[in-house]
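Asks: Structure below; questions to follow.
The values are calculated or read from the model by the stated rules, or taken from the named source; none is laboratory data. Since this is a predicted model, take the numbers as computed values, not measurements. Neighbour counts are summed over all protein chains in view; Cβ atoms, including those assigned to glycine, are modelled from backbone coordinates with ideal geometry.
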Amino acid sequence: MKDYSKPNQEVIIERKQAIMLFSAGVLVMILVFALGVLFGKNLANRKLAKEKTELAKKAIFPEPAEPKPVPGTTSEIAQKIQEQKPPTALSGATVKPSAETQAPAQKPTPETQAQPPKPVAPEEWYAIQVASFPEKSSAEELIKQLKANKWETYMGEVEIAGKGTYYRVYVGRYSSKEQADKALLIFKSRETKFQDAYVTKPK
């Protein structure tokens with residue numbers, strides 16, 4: 001009879017070897033992983049310890065701060081003086097004297113002084129005549145009303161033959177009749193009860 005025990009034994013030995021090799025490989029991988037973790041922790045601990053050492057040094061031995069310039073010190077005053085110095089003239093350049101340095105300013109003579117504006121004579125300006133009253137009190141009352149409405153109002157007296165003295169109420173002073181006519185249109189548009197007002201030369 002054939003002996004079948006030997007081939008079976010060989011197969012069993014190969015399986016055991018494979019299992020052992022696999023187990024050894026797994027064990028090696030675990031060891032490598034564990035060593036890597038330990039090495040990484042060691043590096044992290046060293047870095048953290050170094051940072052703590054630096055912080056402790058800074059806390060115990062702080063770096064000296066740069067002194068700030070105190071206002072009014074000699075260095076600051078010298079710097080301000082240096083900034084206020086006029087720029088030096090370029091070599092070879094000539095500076096022309098200005099008109100102010102060439103000759104002193106001449107004092108204005110009476111002929112060159114500006115003459116004050118001459119007052120406008122009554123016959124040279126126009127006004128708006130609003131009303132004419134034989135009683136002065138009536139003219140004064142109307143002047144108060146017009147002044148309350150921001151009009152330049154004044155009164156003039158005139159003698160009328162056979163009637164006596166009349167008191168006329170005027171508005172405005174205009175250098176030309178064209179200006180007075182334009183002002184009359186504005187006056188009538190605002191003061192509708194004085195549509196009989198007209199432009200004249202005050203007397």
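Asks: Is there a residue in the stretch 164-175 that is of a type in the set (A, V, I, L, M, F, W, C), at pLDDT 95 or above and in contact with a helix residue (DSSP H, G or I) (Cβ under 8 Å, 6 or more places away or on another chain)?
Replies: Yes.
Asks: Mind listing whichever residues of the stretch 150-203 are farther than 23 Å from Ser137 by Cβ, hydrophobic (A, V, I, L, M, F, W, C) and surrounded by fewer than 15 Cβ atoms within 10 Å (Cβ to Cβ)?
Replies: Ala161, Leu185, Ile186
Asks: Shifting gears a bit: Here is a list of conditions, (1) under 53 Å from the mean Cα position of the chain (by Cα); (2) within 17 Å of Tyr126 (Cβ to Cβ); (3) of a type outside the set (S, T, N, Q), and Arg168 meets all of them except one; can you say which number that is?
Replies: Evaluating Arg168 over (1) under 53 Å from the mean Cα position of the chain (by Cα); (2) within 17 Å of Tyr126 (Cβ to Cβ); (3) of a type outside the set (S, T, N, Q) leaves (1) as the failure.
Asks: Continuing with this model, one more query. For the structure I just gave you, tell me whether Ala127 is in contact with a Ser or Thr (Cβ under 7 Å, 6 or more places away or on another chain) and either of a type in the set (Lys, Arg) or in a strand (DSSP E or B) (or both).
Replies: yes
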